[in-house]
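So the structure is just underneath, and the comments pick up after that.
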Amino acid sequence: MSDNGWPADRIDTESAHSARIYDYILGGKDYYPADQEAGDAMTREWPALPVHMRANRDWMNRAVRRLAEQEGIRQFLDIGTGIPTSPNLHEIAQSVAPECRVVYVDNDPIVLTLSQGLLASAPEGRTAYVEADFRDPEAILGAPEFRETLDLTRPVALTVIAIVHFMLDEDDAVGIVRRLLEPLPSGSHLAMTIGTAEFAPEEVGRVAREYAARNMPMRLRTIDEAHEFFEGLELMEPGIVQVHKWHPDGSGEKDLRDEDIAMYGAVARKP
């Protein structure tokens with residue numbers, strides 16, 4: 001075991017990992033020196049990176065709350081969960097409706113070993129964890145935890161937050177999202193954030209090169225490419241916009257500059 005209690009034989013402590021870089025930049029504690037070095041290098045290239053990452057996290061909070069409060073969603077399938085950071089998705093949803101059910105999916109062994117924080121459901125609801133890769137939708141949809149936790153006769157919110165920019169063209173991220181939506185009934189929703197370099201191309205491009213140098217190549221998308229994920233769905237207002245412009249709640253978005261945010265966000269309903 002590592003010093004953190006994680007299964008050291010499954011964790012590459014010498015290489016930076018996107019989830020641990022995110023955790024480090026947001027002020028977490030579940031990272032290694034390689035992740036700290038990477039995060040520091042990326043922030044030097046684009047000092048707004050922490051602001052951008054916090055805005056993405058705040059968007060998740062607003063989107064999940066809105067889905068639970070205004071759309072009546074009580075079931076969530078969260079892909080690429082990442083290292084638990086309170087409030088986690090189930091905490092937000094269950095603060096609105098304690099009976100909400102959440103299935104978390106990630107392929108990082110650190111997330112698995114820290115998943116007790118994701119499984120502390122309200123008694124009325126339920127949470128489950130599936131260790132699987134986004135690139136293998138059949139493993140997700142076929143997992144017993146998925147089938148036993150979510151009722152596919154009732155709407156489900158599929159949340160794919162800050163992950164598809166790590167999916168290259170050959171991964172067919174659009175096709176994977178469509179496959180994950182396929183078994184979900186009418187009235188289900190897709191909530192996504194999608195990385196872009198359209199507002200600060202030079203700065204975000206430098207960050208992307210830092211990721212690529214650590215074997216994490218990125219595929220940043222234009223607004224037209226972001227729309228491909230939502231074809232056949234009914235976009236909720238205000239459509240696909242930078243995350244700080246999606247139903248701001250006044251908790252700091254007014255001070256954010258467009259050039260400091262490299263993420264589109266949107267929620268859409270499955271007819």
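The values are calculated or read from the model by the stated rules, or taken from the named source; none is laboratory data. Fair warning: this is a prediction, and the values are worked out from it, not measured in the lab. Glycine gets a Cβ as well: all are built from the backbone with ideal geometry, and neighbour counts include every protein chain shown.
Residues in the range 132-150 that are surrounded by fewer than 18 Cβ atoms within 10 Å (Cβ to Cβ) and within 15 Å of the chain's Cα centre (by Cα): D133, R135. Scanning the range 85-113 for residues that are surrounded by 19 or more Cβ atoms within 10 Å (Cβ to Cβ) and over 22 Å from L180 (Cβ atoms) yields a count of 3. When each of D3, D40, D12 is tested for being of a type outside the set (A, V, I, L, M, F, W, C) and modelled with pLDDT of 95 or more, the lone residue that passes is D40.
For the range 37-96, what are the residues that are of a type in the set (A, V, I, L, M) and in contact with a Pro (Cβ under 8 Å, 6 or more places away or on another chain)? Quick ask: steps written out before the conclusion?
Filtering the range 37-96 down to residues of a type in the set (A, V, I, L, M) leaves 38, 41-42, 48-49, 51, 53, 55, 60, 63-64, 67-68, 73, 77, 79, 83, 89, 92-93, 96.
Within the range 37-96, I73 is the sole residue that qualifies.
In the range 31-80, what residues are among the acidic types (D, E) and either surrounded by fewer than 23 Cβ atoms within 10 Å (Cβ to Cβ) or touching a strand residue (DSSP E or B) at 6+ places or on another chain (Cβ under 6 Å) (or both)? Across the range 31-80, the qualifying residues are E37, D40, E45, D58, E69, E71, D78. The set of residues from the range 210-246 being in contact (Cβ under 8 Å) with a residue 60 or more places away in the chain and in a helix (DSSP H, G or I) comprises E210, Y211, F229, V243, H244.
Quick grid of which residues meet (1) surrounded by 21 or more Cβ atoms within 10 Å (Cβ to Cβ); (2) among the β-branched types (V, I, T):
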{"site": "V177", "(1), (2)": "yes, yes"}
{"site": "G187", "(1), (2)": "no, no"}
{"site": "L190", "(1), (2)": "yes, no"}
{"site": "I194", "(1), (2)": "yes, yes"}
{"site": "E198", "(1), (2)": "no, no"}
{"site": "P201", "(1), (2)": "no, no"}
{"site": "N215", "(1), (2)": "no, no"}
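Scanning the range 144-166 for residues that are β-branched (V, I, T), in a helix (DSSP H, G or I) and within 30 Å of L220 (Cβ to Cβ) turns up just one, V164. A19 meets all of the listed conditions (1) over 19 Å from V204 (Cα atoms); (2) touching a strand residue (DSSP E or B) at 6+ places or on another chain (Cβ under 9 Å); (3) at pLDDT below 95; (4) not hydroxyl-bearing (S, T, Y) but one, namely (1). Selection of the range 154-183 for residues being free of Cβ contacts under 8 Å to residues at least 24 places away in the same chain and either small (G, A, S) or touching a His at 6+ places or on another chain (Cβ under 9 Å) (or both) yields only G175. I'm trying to understand the selection: among the residues of the range 35-49, which are touching a residue at least 40 places away in the same chain (Cβ under 8 Å) and farther than 18 Å from D260 by Cβ? A38, A41, listed by residue number.
Looking at the range 155-170, which of its residues are surrounded by 15 or more Cβ atoms within 10 Å (Cβ to Cβ) and either more than 22 Å from A197 (Cα to Cα) or charged (D, E, K, R) (or both)? Spell out the reasoning first.
The first filter runs over the range 155-170 and keeps only residues surrounded by 15 or more Cβ atoms within 10 Å (Cβ to Cβ), leaving 155-167.
The answer is P155, V156, A157, L158.
Within the range 94-110, the set of residues being among the aliphatic types (A, V, I, L, M) and farther than 13 Å from L150 by Cβ comprises V96, A97, I110.
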